[in-house]
Amino acid sequence: MEVTAEQDGVQENGRCDAKVKAARPTSSGSLKMFLVALSFAYFAKALSGSYLKSTITQLERRFDIPSYLIGVIDGSFEIGNLLVIAFVSYFGAKLHRPKIIAMGCVLMSIGTFIIALPHFIIGRYEFETSVRWLGNSTRNPAPCAVESLAGAAQDAQVPHKGCEGESNLSMWIYVLLGNVLRGIGETPIQPLGISYIDDFATEENAALYVGCVHTISVVGPVFGYLLGSLCAKIYVDIGFVKMESITITPADARWVGAWWLGYLIAGVITLLSAFPFWFLPRALPVSEGQSPEKCPPEQTSFIKNSPLLKQKYQADEHSNFIEMAKDFIPTLRTLLGHRVYLIYLCVTIIQLNSLIGMVTYKPKYIEQHFRQSASKANFLMGVINIPAVALGMFSGGLLMKRLKLNLMGAARFAFGTSLIGYVLSLFFFALSCDNANVAGVTVPYSSVDGASFDKHSVFESCNQACSCSESEWDPVCGNNGITYMSACLAGCTSSAGSGKNTVFSNCSCVGAAGNFTARAGQCNDKDDCDRMFPYFLALSVLTSFIISLGGTPGYMLLIRCIKPQLKALALGFHALATRTLAGIPAPIYFGAIIDTTCLKWGQKRCGGIGACRIYNTTAYRIAYLGLTLSLRTVSFIICIPGFFLLAQQLKQEERNALHSTLTNGGAELEALQKEEFVISNSDQTQRICENGTDRETRL
């Protein structure tokens, strides 16, 4: 205590203290600037990532690919992370972290621009249609072609020479490569950014700062989905085609919006997020600017051992690259030997499989199950669902600070919120919607009662003479409320009008008399869906908010359950493992399972299966929700041993702390006893000398 008081006195009266006090506002200002810059970088990467998910159906239709290939494209972002994240997390923590983050933002921007590149390379979008317009003719051809016209229609089905060269099949590779580059660029943002904040922020503010960053990262998808909603309304080749000639609407299964436009906007925003990091310092020590020559050695030691720096990772120590490489494997072995960390890793991997698969295909689920347009599905995700997640993340960080939760408290809080959200998610199974009535697909031509999903024939006596193609998808809605795959399969013999206003007449399959009509487009038979949809949205918002409440406490559990020296590596390896075992496979196998529920596949121009046009909504709901909740069930089971291991760790830390206190106290007592012994010996020697001097004087 005397030493501390003496050092405090030196700080109050000496020149060193003035410099320390002068440095603190600078460090605080730089930390706040870094917090703002990191939040903007999180916003940019979240915006571009969510926009990619909002364009899933657009990319499927534009490149004629199934859902599992979209899962491969979505997972390619994680592949980019996988390539470099372990090395960036380990070596980047010992280098200039802000500048490494800046370089990552630049790479993300370049990757986003590459994703939009195919639009400027391939030709105009040509959707499949059975309506063939005759040039230089004042009348429309008969949809139900007979005799010679039938032969011409069949000839039109044969791919022309050079079709393979004009195919858009390989263009999705550019999207995949651009997303891989985005993943490489995103790598340093999370582990280096969060560890930088946790190193230089006070312990009581670290959780709040991390909560703020995560909140901003959740706000990013709001704008990403809103941008996706806006671009989905705009036709893909806007400005290059006459919109009056387009026969499809945004609600059509063949509609493709201006998916490329949003990537250009997201790329510019990501590029802007890189600039602030170039001007931030490498480290923010409390005693920045302090000179060793002006301060005593014992005071320098005192400042370095300050409690404010106990979480500081020694990023400012210059180490040899080879020495750091040699130390990597032992450090990683130590990290993986931490049992609580391993349990946490397993739980988050399984839960992220569930979360990533659910979020990736949720807009598509809304489109297919409740028959909403892609624009409306993205809009609702952006303005209703995502804000609930952002509010939950921020509230979780605030509650953790207010309640002053320890490690066990944070673990229980995160588990409790996840369990409540799981129970509420079970009610999604009850929010069902019937399939659309499509003749020959969901219902037979002869009857519309009792929808069946057997292999119905699209050919009946009413359309046998028309020589129709069973592979084409150009739906028309009969005035009996049934959708037919094409006007030809509806038996229509004449048509009038153009574009979206085309009306077909004398449709023999629509009515027995043969004088019934049909209009272009699918029937809008979704009254039951409209009744269920508001309940689905309300339940989705509630579950998202409750589950996200435990997000920040759960993340702080990851940071606090390990030693400060392993923090950056633990964050990096956690991101590596979750991206490898959750981010990459989850969209692929979710998409593959969803593909099994498809009832009618689209047809490519050059032959082969394209994008799915209509799904079995009942099977889709069971597969999508069942897989999501099954994964979360497994994660809860693994949590049980995790709580026992965490309790043992906390007890062991308490015993170690008590033993350390007693050991230090015994050492101090022994030092004092030695000091008193030396002083008493000195006094005794002095008295002997004095007595000897007196004797000599007397003599």
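Among (1) surrounded by fewer than 16 Cβ atoms within 10 Å (Cβ to Cβ); (2) within 30 Å of G224 (Cα to Cα), there is one condition V389 misses while meeting the rest; what is its number?
(1) is the only condition that V389 fails.
Of all residues being closer than 15 Å to M33 by Cα and not acidic (D, E) in the stretch 190-204, which is modelled with the highest pLDDT? Just the residue, please.
Among residues in the stretch 190-204 that are closer than 15 Å to M33 by Cα and not acidic (D, E), the one modelled with the highest pLDDT is G193.
Are any residues in the stretch 579-588 under 21 Å from T187 (Cα atoms) and open to solvent by 10 Å² or more (accessible area, probe 1.4 Å), and if so, which ones? Talk me through it step by step, then tell me what you get.
Residues of the stretch 579-588 under 21 Å from T187 (Cα atoms): 579-587.
Those that are under 21 Å from T187 (Cα atoms) and open to solvent by 10 Å² or more (accessible area, probe 1.4 Å): R579, T580, L581, I584, P585.
For the stretch 641-684, how many residues are at pLDDT below 70 and either of a type in the set (A, V, I, L, M) or touching a Cys at 6+ places or on another chain (Cβ under 8 Å) (or both)?
The number of residues fulfilling the criteria is 6.
Output the qualifying pairs, or none if there are none: Cβ atoms under 7 angstrom, residues six or more apart or on different chains, first residue in the stretch 389-412 and farther than 15 Å from G551 by Cβ, second residue among the basic types (K, R).
These pairs meet every condition: L407/R560.
Looking at this structure, is A430 hydrophobic (A, V, I, L, M, F, W, C), open to solvent by 20 Å² or more (accessible area, probe 1.4 Å) and without any contact (Cβ under 8 Å) to a residue 60 or more places away in the chain? Please lay out each step first, then the result.
Values: hydrophobic (A, V, I, L, M, F, W, C): yes; open to solvent by 20 Å² or more (accessible area, probe 1.4 Å): yes; without any contact (Cβ under 8 Å) to a residue 60 or more places away in the chain: yes.
Judged against the criteria, A430 is a match.
What do you reckon, is G14 crowded, with 17+ Cβ neighbours inside 10 Å and at pLDDT below 90?
Working: crowded, with 17+ Cβ neighbours inside 10 Å: no; at pLDDT below 90: yes.
It is false that G14 is crowded, with 17+ Cβ neighbours inside 10 Å and at pLDDT below 90.
Any idea which of L576, L599, L566, L581 is farther than 26 Å from F429 by Cα and either of a type in the set (D, E) or modelled with pLDDT of 85 or more (or both)?
Numbers: L576 fails: either of a type in the set (D, E) or modelled with pLDDT of 85 or more (or both); L599 fails: farther than 26 Å from F429 by Cα; L566 fails: either of a type in the set (D, E) or modelled with pLDDT of 85 or more (or both).
Of the residues listed, the single one that is farther than 26 Å from F429 by Cα and either of a type in the set (D, E) or modelled with pLDDT of 85 or more (or both) is L581.
Please go through (1) touching a helix residue (DSSP H, G or I) at 6+ places or on another chain (Cβ under 7 Å); (2) over 30 Å from D64 (Cβ atoms); (3) open to solvent by 40 Å² or more (accessible area, probe 1.4 Å); (4) modelled with pLDDT under 90 for L271 and return the number of the only condition it doesn't satisfy.
Of (1) touching a helix residue (DSSP H, G or I) at 6+ places or on another chain (Cβ under 7 Å); (2) over 30 Å from D64 (Cβ atoms); (3) open to solvent by 40 Å² or more (accessible area, probe 1.4 Å); (4) modelled with pLDDT under 90, only one is false for L271: (4).
Mind listing whichever residues of the stretch 497-544 are small (G, A, S), farther than 27 Å from E460 by Cβ, open to solvent by 60 Å² or more (accessible area, probe 1.4 Å) and modelled with pLDDT under 85? If you could, list the steps in order and put the result at the bottom.
Kept after step one, since they are small (G, A, S), are these residues of the stretch 497-544: 497-499, 505, 508, 511-514, 518, 520-521, 538, 540, 544.
Remaining after also requiring farther than 27 Å from E460 by Cβ: 498-499, 538, 540, 544.
Within this subset, residues satisfying the condition of being open to solvent by 60 Å² or more (accessible area, probe 1.4 Å) are 498, 538.
Residue satisfying the conditions is S498 alone.
For the stretch 32-126, give me every one of the helices (runs of 4 or more DSSP H) that falls completely inside it and has 2 or more residues that are at pLDDT below 90, within 23 Å of G602 (Cβ to Cβ) and open to solvent by less than 10 Å² (accessible area, probe 1.4 Å).
Helices (runs of 4 or more DSSP H) meeting the threshold: 56-63, 67-92.
Can you pull out every residue in the stretch 444-480 that is at pLDDT 80 or above and open to solvent by less than 30 Å² (accessible area, probe 1.4 Å)? Before the answer, list the steps.
Restricting attention to the stretch 444-480, the residues satisfying the condition of being at pLDDT 80 or above are 473-479.
Of everything in the stretch 444-480, those that are at pLDDT 80 or above and open to solvent by less than 30 Å² (accessible area, probe 1.4 Å) turn out to be W473, D474, P475, V476, C477, G478.
What pairs can you find where one residue is in the stretch 231-244 and on the phi < 0 side of the Ramachandran plot, the other is in a loop (DSSP other than H, G, I, E, B) and open to solvent by 70 Å² or more (accessible area, probe 1.4 Å), and their Cβ atoms are less than 7 Å apart, with a gap of 6+ or different chains?
Sorted first by the residue in the stretch 231-244, then by its partner, the pairs are D237/R124; F240/R124; V241/R124.
Restricting attention to the stretch 354-374, which residues are among the polar types (S, T, N, Q) and open to solvent by less than 10 Å² (accessible area, probe 1.4 Å)?
The answer is S354, T360.
Restricting to the stretch 227-259, name every residue that is closer than 21 Å to R124 by Cβ, hydrophobic (A, V, I, L, M, F, W, C) and surrounded by 19 or more Cβ atoms within 10 Å (Cβ to Cβ).
Keep residues of the stretch 227-259 that are closer than 21 Å to R124 by Cβ, which gives 231-250, 252-259.
Subset that is hydrophobic (A, V, I, L, M, F, W, C): 231-232, 234, 236, 238, 240-241, 243, 246, 248, 253, 255-256, 258-259.
Correct list: C231, A232, V236, I248, A253, W255, V256, A258, W259.
Any residue at all in the stretch 545-554 that is at pLDDT below 90, polar (S, T, N, Q) and surrounded by fewer than 23 Cβ atoms within 10 Å (Cβ to Cβ)?
No, the stretch 545-554 contains no residue that is at pLDDT below 90, polar (S, T, N, Q) and surrounded by fewer than 23 Cβ atoms within 10 Å (Cβ to Cβ).
Of the residues A619, A575, A592, A611, only one is over 14 Å from G357 (Cβ atoms), of a type in the set (A, V, I, L, M) and open to solvent by 30 Å² or more (accessible area, probe 1.4 Å); which?
Details: A575 fails: open to solvent by 30 Å² or more (accessible area, probe 1.4 Å); A592 fails: over 14 Å from G357 (Cβ atoms); A611 fails: open to solvent by 30 Å² or more (accessible area, probe 1.4 Å).
Selected residue: A619, the only one of A619, A575, A592, A611 that is over 14 Å from G357 (Cβ atoms), of a type in the set (A, V, I, L, M) and open to solvent by 30 Å² or more (accessible area, probe 1.4 Å).
The values are calculated or read from the model by the stated rules, or taken from the named source; none is laboratory data. Given the structure is predicted, the values throughout are model-derived calculations rather than measurements. Neighbour counts are summed over all protein chains in view; Cβ atoms, including those assigned to glycine, are modelled from backbone coordinates with ideal geometry. The protein model used for the area step is the full one, side chains on, heavy atoms only, and it has no ligands, DNA or RNA in it. Shrake-Rupley method; radii C 1.70, N 1.55, O 1.52, S 1.80 Å.
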